[in-house]
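Reading through the C-alpha cells given below for one structure.
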Amino acid sequence: MACVTHLQAGQTPGQATTESVLAMMDKSAADFRSLTADLENTKYTDVVKDSSTETGQIFVRRDQKMRIEILKPDPRTILRNGDSLFVYTPKIKRVEEYDLGKNRAMVDQYVLLGFGTKSQNMLKSYDVKLVGEEQLDGKKTFLLELTPKSDDVRRQITRIQMWVDESSWLPIQQKFFETGAGDYIQFHYSNVMKNLKIPDSRFKQDWPKDVNRVKPRG
C-alpha cells in the first residue's frame with residue numbers, strides 16, 4: 001500500500017528540494033544509454049468508474065529507439081524508430097504507421113519522460129514541483145508534479161505525477177491526468193534495468209510481410 005507524505009508550503013522532505021531531485025536525475029541521465037522494464041499500463045475512466053490494465057515490457061535506447069511489447073490481455077507491439085512509429089496488432093494482422101514529424105517533441109515529452117531526460121528540457125515544457133515522498137514497491141520515491149506549459153498539451157493533459165526512485169533516480173511510475181474529466185493513464189515500471197545492451201534486432205519490424213499496413217490521418 002502506498003503511503004504518501006505530502007508537504008506543507010515551505011517544507012521539504014528531509015533535505016530534498018525540487019532542484020536537488022532534478023539535479024540527481026540529471027546525474028542519472030548523463031550516463032543513460034538504455035532501459036528495460038516490465039510495464040503495467042492502467043487506463044481509468046471516471047464516468048463509469050472502471051479501469052483496464054495491460055501488461056508487457058518496455059525497451060528504450062538513447063538513440064530514439066523504443067519498443068513496447070503488450071502481452072496481456074491483447075498482444076500489441078509499439079515500435080518507435082526516430083520519427084517513425086508503428087503499432088502492430090497481431091489479432092487483426094494490421095500495422096498502423098505514423099510519421100511523428102512536427103509532433104516528435106511532444107511524443108518525446110510523454111514516452112521518454114524521466115528516462116535520460118535532462119531537467120532543462122523538462123523545465124522548458126513543464127512547471128515542476130516536488131510534492132512529497134512515497135513508499136512504492138518497497139522503494140523510497142520522490143513524487144514530482146508536472147504541469148504542462150503549452151496550451152496544446154493542456155488541452156489533453158492537465159498534469160502529470162512522476163514517482164522517482166531515490167536509488168536509481170529513474171521513474172517507477174507516471175500518471176497522466178486527462179483534461180476535463182477524472183480520467184487518467186498510469187504507467188508502472190518494475191524490474192527496471194538501466195544500461196543493459198539491447199540489440200538492434202529488438203527494434204526491427206519483425207511482423208509478417210503480409211500484414212495490412214495503414215497510415216491513419218491526424
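No value in this document is a laboratory result; all are computed from the given coordinates. Note that this is a predicted model, so its numbers are computed, not measured. Reconstructed Cβ throughout: ideal geometry from the backbone, glycine too, with neighbour counts over all protein chains shown.
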First check a/c for the chain, with a ≥ b ≥ c the square roots of the eigenvalues of its C-alpha gyration tensor; if it is under 1.5, answer rounded, and if not, answer prolate when a/b is larger than b/c or oblate otherwise. prolate
Partner lysines for LYS91 [C-alpha distance under 27 Å; skip if fewer than 8 residues away on the same chain]: LYS43, LYS65, LYS72, LYS204, LYS209, LYS215
Grab the eigenvalues of the alpha-carbon gyration tensor for the range 132-173, scale each by 5, take roots, and send me the semi-axes largest first in whole angstrom. 25, 8, 7
Give the shape of the range 9-84 as rounded, prolate or oblate, defined through the alpha-carbon gyration tensor: a ≥ b ≥ c are the square roots of its eigenvalues, a/c under 1.5 means rounded, and otherwise the shape is prolate if a/b is larger than b/c and oblate if not. oblate
At 0.890 mPa s and 25 °C, Stokes diffusion of the range 119-218 via Kirkwood alpha-carbon radius, µm² per second: 150 µm²/s
Relative contact order for the chain: what is it in percent, counting Cα pairs under 8 Å that are at least 6 residues apart? 24 percent
Relative contact order, percent, the range 109-218 [alpha-carbon distance under 8 Å, six or more residues apart]: 15 percent
Taking amide H positions as placed in the peptide plane 1.01 Å from N, state which residues far from TYR126 in sequence (5 or more) or on other chains have amide H under 5 Å from it. LYS149
Assign one of three labels to the range 161-218, namely rounded, prolate or oblate, based on the Cα gyration tensor with a ≥ b ≥ c the square roots of its eigenvalues; rounded applies when a/c is under 1.5, prolate when it is not and a/b is larger than b/c, and oblate otherwise. oblate
How big is the antiparallel share of DSSP beta bridges in the chain, given as a percent to the nearest 5? 95 percent
Among residues other than THR89 whose Cβ falls under 9 Å from its Cβ, what is the net charge (Lys/Arg +1, Asp/Glu -1)? +2
